[in-house]
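Structure, as structure tokens:
What follows draws every value from the coordinates through simple rules; no lab data is involved. Because the structure is predicted, anything quoted here is derived from the model rather than measured. Heads up, the Cβs are rebuilt from the backbone with ideal geometry, glycines too, and the neighbour counts pull from every protein chain shown.
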Amino acid sequence: MEANKTEFTNIDEYIANFPPDLQVILEKIREVIKEAAPDAKEKISYQMPAFELNGNLVYYAAFKKHIGFYPTAGGISAFQEELSAYKGAKGSVQFPLNKPIPFELIRRITEYRAAENREKGKK
């Protein structure tokens, strides 16, 4: 189910590569990110959906048993307590597909990262 066997040129192509039930989740994450950071630009980076706003903002990807969300180390540390229920690393978190995806948390992390990057853009 991992999508990195194909070269994608846009997020639509990436999402279309997955089964319909997963496409719904991936589109919802995309929508949440776009609402949280409407001025961010979509792209494919590392063969994953990504958004940029004065630099990299967030990435996400579908895997067999989870959605990987990559808001950089700053996005993870700022929400460390809320993310403690999930597997993760310095700049990433895994949301299991057998549990509800925390769309509101994704929204808040993206808003936080957008504010960080806008501040960086002012300097």
The summed charge of the R107 Cβ neighbourhood (under 14 Å; Lys/Arg +1, Asp/Glu -1) stands at 0
For T72, T9, ascending order of other Cβ atoms within 10 Å (fewest first) is T9, T72
Full extension between E104 and D12 adds, at 0.36 nm per residue less the Cα distance, a length in nm of 30.9 nm
Here the net charge surrounding P96, from other residues whose Cβ is less than 9 Å away from its Cβ (Lys, Arg +1; Asp, Glu -1), is +3
In deg cm²/dmol, rounded to the nearest 500, the helical mean residue ellipticity at 222 nm of the chain, built from -39500 (n - 2.57) for every DSSP H run of length 4 or more, is -13000 deg cm²/dmol
Placing each pseudo-label 7 Å from Cα in the direction of the beta carbon, Q94 and K120 end up separated by a distance in nanometres of 2.6
Charge tally for neighbours of E82 with beta carbon under 15 Å away, counting Lys, Arg as +1 and Asp, Glu as -1, is +2
Non-local residues with an amide H under 5 Å from the amide H of F63, with H modelled 1.01 Å from N and Pro and chain starts lacking one, are G68
